[in-house]
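Here the structure comes first, spelled out in structure tokens, and everything after it is commentary.
The values are calculated or read from the model by the stated rules, or taken from the named source; none is laboratory data. Computed from a predicted model, the values in this text were never measured in an experiment. Note: ideal-geometry Cβ built from the backbone for every residue, glycine included; neighbour counts use all protein chains shown. With ligands, DNA and RNA removed, areas are computed over all heavy atoms of the protein, side chains included. Shrake-Rupley method; radii C 1.70, N 1.55, O 1.52, S 1.80 Å.
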Amino acid sequence: MPLPVPSTQDAPRLAAARVLDPNTDPLLVGLPRQRGYGQWIVSRMCDVRAVLTDPTTTVDMLTPKAIARFLSQQEITLDQTLEIMRIIGRAHRVPNDAERRDAIAVTRLLQGTLQDLDMASMLGALALAEGRTVDVMADLLRPMLGAWRATALAIDRDLGQRIEDGLLAMMLAVERHGPSDLAPVEPLARAVMQDLTLLEKTRGAAREMPITHWISPAFLALLPIAYTSVSMLAHLADTPELQDALRARPELRPGYIREVERLMNSFRYGTRQIGATGLNLGDAWLPPRSLVVLDFSAANRDPALWQEPDICLLDRPRQPTATFSLGPLACVGGQASRQFLSLLLDAVMERVRVSLPRPGPEPDRLPTQWSITRGYRMCRLCLSSL
């Protein structure tokens, strides 16, 4: 017979670690703001939801089109770069097109093997009774996610990791150089396309899909899971009393995962283009074809929905977040991400204690480099066997 669930009125009320915003970019919730001609930023949940659920709002290949237009004017040809940018920037403009259907199929393959991923053994292999300091991104999350992808899709683990790393390097280079100097990006794009061609010859599962349809669900989609997972482990190390409570009272863990989703989402921004008729948000009118930047992290702290929005409270009522977007173009991997985080938390509670390492001359955490993401690309924590 299941045990009764205790009241959560005495659940820990702990501040989310401030370092989760590595660039100290303030999270401001307010009225829609215009920032330049034809561009807006929205941060309230009601406005984010209105934009994302409006049936005429699209992601109409905005970035690839702008880059292609500039390159055409300069008489520059970067075919491989534009091909990959088109796939990434399109973000499934049509809800039920072939790319999105294939993304759903790849995500189901990942979900189908998630329970077979032995997270506890991976954690146990890293931990020592007296404690061992590791980089939880390089030593834990990257190998764990790489093994998950390799098993689910029947591909070579190292090849999959190389494609993911190449795509991230491309995005960083595009952001660093901008459309005026994309020549350094083309060799990176060419290398990614070569690896995708190699993968196409050797892949196992989902063989009937175009290999480019794997880019988002099999590679880029695992990056935010890694960043959020590392942020969760860092938060547990920062708040040992919370870690003790979660270990002693498993019934608190679902509430904590919901707060992890809300407070530690790794993709901060998304973009949409308003449709031909414009969009009325009540406090602002977004003209037709406006470009809108959606601040997901700010929306997840909207005080109109969450009391004490910056605090991690385990007994909050359920409330949809903006983390996985909303509406017909929402992320197809939201449920898989939640399941991964829940299984990781259970494995941590079972096998290891996570704590801060001893201070040293080098930083223990390095922030992500892609400006639309939050979290850490390197995070040193101490893992002690239980």
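Computed values, structure above
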item: Taking the C-alpha atoms of region 161-308, convex hull volume expressed per residue in Å³; result: 207 Å³
item: Label-point gap, in nm, between GLN369 and ASP181 - each point 7 angstrom along Cα→Cβ; result: 1.6 nm
item: Listed residues TRP370, TRP214 arranged by accessible area, highest first, probe 1.4 Å; result: TRP370, TRP214
item: Euclidean distance of C-alpha centroids, region 257-330 and region 335-364, integer Å; result: 26 Å
item: FRET efficiency estimate (nearest 0.05) - Cβ-Cβ, GLN39 to ARG318, R0 51 angstrom; result: 0.90
item: Full-extension gain in nm, ARG157 to LEU386, via 0.36 nm per residue minus C-alpha separation; result: 79.4 nm
item: Total formal charge among the other residues, if their Cβ is under 14 angstrom from that of ALA221, Lys/Arg +1 and Asp/Glu -1; result: +1
item: FRET efficiency, 1/(1 + (r/R0)^6) with R0 25 Å, evaluated for ALA125 and LEU356 via beta carbons; result: 0.75
item: Accessible area (Å², 1.4 Å probe, nearest 10) - SER371; result: 70 Å²
item: Solvent accessible area, Å² - CYS382, 1.4 Å probe, full protein context; result: 20 Å²
item: Where labels lie 7 Å past Cα in the beta-carbon direction, separation of MET378 and THR53 in nm; result: 4.4 nm
item: ASN280-ASP116 pseudo-label distance in nm [points 7 Å out on the Cα-to-Cβ vector]; result: 5.4 nm
item: Which of VAL42, VAL174 is most accessible, then next, and so on - probe 1.4 Å; result: VAL174, VAL42
item: Mean accessible surface per residue for region 242-321, computed with a 1.4 Å probe while every protein chain stays in place, in Å²; result: 39 Å²
item: Within-14-Å neighbourhood charge of ARG358 [Cβ basis; K, R +1; D, E -1]; result: -1
